[in-house]
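Notes follow once the structure below has been shown.
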Amino acid sequence: QQQVKQSPQSLIVQKGGISIINCAYENTAFDYFPWYQQFPGKGPALLIAIRPDVSEKKEGRFTISFNKSAKQFSLHIMDSQPGDSATYFCAAMAAAGNKLTFGGGTRVLVKP
Amino acid sequence: GAVVSQHPSRVICKSGTSVKIECRSLDFQATTMFWYRQFPKQSLMLMATSNEGSKATYEQGVEKDKFLINHASLTLSTLTVTSAHPEDSSFYICSATTGSNQPQHFGDGTRLSIL
């Protein structure tokens, strides 16, 4: 059972554009939602994370929007750059837990 | 901060060989470490969770006798793939955390190729 569904699977955006990746979850016990960025041949790196007490969190060009009632959250990459080309994974963790449930990943390609 | 080092980064060996992969938290004490497996263009699949000084907890379908995990200290966990076969070829990634409901920090993975 895939508890975190991520879309789209791939995304092509022009330099300077906005990349938007969406995730939906089923388990209402989830209360920590990180996004990871992974380059080929490397491990995932924590990009930004949110907890359900806020609806939005922004760090530089990266913003998470969170909709608790819809059980959805999304990552927006503003002013996308070629260096942002990577695979992005959303994930979720339950309260008092420590296991991450990952989405399927989105391959983002930013064209110069 | 929160650096996780994984070694080796790449291993190529013959079928039947046992391979050990190390995962170290360099600047923090990791009460829990995780081992994942990732196939090309796929997401991360959790294999097992290890707590310092305790036996690892394996996910359903993961053979504990095949993938031996040791977490002897708060900064080191090892994964040994015993009697490796070509189907064990994959990208193995570890992560570490300081406790429940805390961020996981990942190593850079080990590319294992079994000939």
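The values are calculated or read from the model by the stated rules, or taken from the named source; none is laboratory data. All figures in this text were calculated on a predicted structure; none of them were measured in a lab. Neighbour counts are summed over all protein chains in view; Cβ atoms, including those assigned to glycine, are modelled from backbone coordinates with ideal geometry.
Just checking, does segment B:97-109 include any residue being free of Cβ contacts under 8 Å to residues at least 40 places away in the same chain, over 27 Å from residue A:4 (Cβ atoms) and in a loop (DSSP other than H, G, I, E, B)?
no
Determine if segment A:73-91 includes at least one residue that is in a loop (DSSP other than H, G, I, E, B), within 11 Å of chain B (Cβ to nearest Cβ) and either farther than 21 Å from residue B:100 by Cα or of a type in the set (S, T, N, Q) (or both).
No; the residues of segment A:73-91 include none that is in a loop (DSSP other than H, G, I, E, B), within 11 Å of chain B (Cβ to nearest Cβ) and either farther than 21 Å from residue B:100 by Cα or of a type in the set (S, T, N, Q) (or both).
Does residue B:10 fit the bill of being at pLDDT 95 or above, farther than 21 Å from residue A:40 by Cβ and within 14 Å of chain A (Cβ to nearest Cβ)?
Against the criterion (at pLDDT 95 or above, farther than 21 Å from residue A:40 by Cβ and within 14 Å of chain A (Cβ to nearest Cβ)), residue B:10 does not qualify.
Residues that are under 17 Å from residue B:106 (Cβ atoms) and of a type in the set (Phe, Trp, Tyr): does segment B:37-57 have at least one?
Yes; the residues of segment B:37-57 include at least one that is under 17 Å from residue B:106 (Cβ atoms) and of a type in the set (Phe, Trp, Tyr).
Restricting to segment A:64-79, count the residues that are in contact with a Ser or Thr (Cβ under 9 Å, 6 or more places away or on another chain), in contact (Cβ under 8 Å) with a residue 12 or more places away in the chain and surrounded by fewer than 23 Cβ atoms within 10 Å (Cβ to Cβ).
The number of residues fulfilling the criteria is 8.
Quick one: in segment A:15-45, which of the residues that are within 12 Å of chain B (Cβ to nearest Cβ) and among the polar types (S, T, N, Q) is surrounded by the most Cβ atoms within 10 Å (Cβ to Cβ)?
Checked segment A:15-45; the qualifying residue surrounded by the most Cβ atoms within 10 Å (Cβ to Cβ) is A:38.
Looking at this structure, is residue A:48 within 13 Å of chain B (Cβ to nearest Cβ), within 27 Å of residue B:40 (Cβ to Cβ) and crowded, with 16+ Cβ neighbours inside 10 Å?
Against the criterion (within 13 Å of chain B (Cβ to nearest Cβ), within 27 Å of residue B:40 (Cβ to Cβ) and crowded, with 16+ Cβ neighbours inside 10 Å), residue A:48 qualifies.
Among (1) touching a residue at least 12 places away in the same chain (Cβ under 8 Å); (2) surrounded by fewer than 16 Cβ atoms within 10 Å (Cβ to Cβ); (3) over 13 Å from the mean Cα position of the chain (by Cα), which single condition is residue B:20 missing?
Condition (3) is where residue B:20 drops out.
Quick one: residue B:83 ticks every box in (1) within 14 Å of chain A (Cβ to nearest Cβ); (2) part of a loop (DSSP other than H, G, I, E, B) bar one, so which box is it?
(1)
Quick one: in segment A:80-98, of everything that is at pLDDT 95 or above and farther than 14 Å from residue A:6 by Cα, which residue is surrounded by the fewest Cβ atoms within 10 Å (Cβ to Cβ)?
Looking at the filtered set, the residue picked out is A:83.
Against the definition (more than 28 Å from residue A:31 (Cβ to Cβ) and among the aromatic types (Phe, Trp, Tyr)), how does residue B:106 come out, yes or no?
Considered against the rule, which asks whether it is more than 28 Å from residue A:31 (Cβ to Cβ) and among the aromatic types (Phe, Trp, Tyr), residue B:106 comes out as no.
Scan segment B:13-38 for residues that are out of contact with any His (no Cβ under 8 Å at 6 or more places or on another chain) and more than 20 Å from residue A:46 (Cα to Cα) and report the count.
Qualifying residue count, segment B:13-38: 6.
Please go through segment A:62-112 and pick out each residue that is in contact with a helix residue (DSSP H, G or I) (Cβ under 7 Å, 6 or more places away or on another chain) and acidic (Asp, Glu).
none
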